[in-house]
Amino acid sequence: MPSILVIDDDTAFCLMLKTFLEKNGFSVDTAFHFASAIQHLTSTRYDTVLSDIRLPDRNGLELLQEVSKFSHQPRIIFMTGYGDIRSAVNAIKMGAYEYVIKPVNPDEVLLLINQVVESKTHTVGCSN
């Protein structure tokens, strides 16, 4: 079962996404700030990270830099408000998989996550 970490300081939003994704067959953990996200990422191998680009204690670009140090690197999908488009574009250039604009459409997020899972499956299949 593919695993996802959802990171956003809006707890209600996190729990809504968690419930939606679990109903669609994913294992989902949540974090509400950078520090707890790093704790999750060091103890669990996630396929995908879905993160707000603005976190209360750090930002998404710093998260991307930290994740790049791990041997297992999950694909990162950033969520952003209109004012953060430049940061999102920079994140893509730095290796993020994609970004979506808030308010997010859960079906769009599900489609992106399924693309991540599919691309990881093909990558594994090609390396054998």
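Which residues in the stretch 34-48 have a backbone N closer than 13 Å to a point placed 7 Å from the Cα of SER3 along the Cα-to-Cβ line? Answer for the stretch 34-48: 39-48. Under a 5 Å amide H to amide H cut-off, with H placed in plane at 1.01 Å, what residues pair with ASN24 once short-range neighbours are removed? Here the answer is none, since no amide H 5 or more places off falls under 5 Å of that of ASN24. For the stretch 48-65, the Karplus equation 6.51 cos²θ - 1.76 cosθ + 1.60, evaluated at θ = phi - 60°, returns couplings of 9, 10, 10, 10, 5, 6, 10, 10, x, 9, 7, 10, x, 5, 5, 4, 4, 5 Hz by residue, with Gly and Pro reported as x.
Is the shape of the stretch 26-75 best called rounded, prolate or oblate, per the rule: a/c under 1.5 gives rounded, else a/b larger than b/c gives prolate, else oblate, with a ≥ b ≥ c the square roots of the Cα gyration tensor eigenvalues? Note, shape of the stretch 26-75 comes out oblate.
Taking a point 7 Å from the Cα of ARG86 along the Cα-to-Cβ direction, the residues of the stretch 100-122 with backbone N closer than 20 Å to it are 100-102. Beta bridges from DSSP with both residues in the chain: antiparallel share about 5 percent, rounded to the nearest 5.
What are the residues whose amide H is under 5 Å from the amide H of TYR99, where those residues sit 5 or more places off or on another chain and H is modelled from the backbone? Here PHE78 satisfy the definition.
Seen through its C-alpha gyration tensor, with square-root eigenvalues sorted a ≥ b ≥ c, the chain comes out rounded because a/c lies under 1.5. Count charges around THR42 for me, please; just the other residues with Cβ under 13 Å from its Cβ, Lys/Arg as +1, Asp/Glu as -1. Neighbourhood net charge equals 0.
Values in this text are rule-based calculations from the coordinates and carry no lab data. Quick caveat, the model's predicted, so the values are computed rather than measured. Note: ideal-geometry Cβ built from the backbone for every residue, glycine included; neighbour counts use all protein chains shown.
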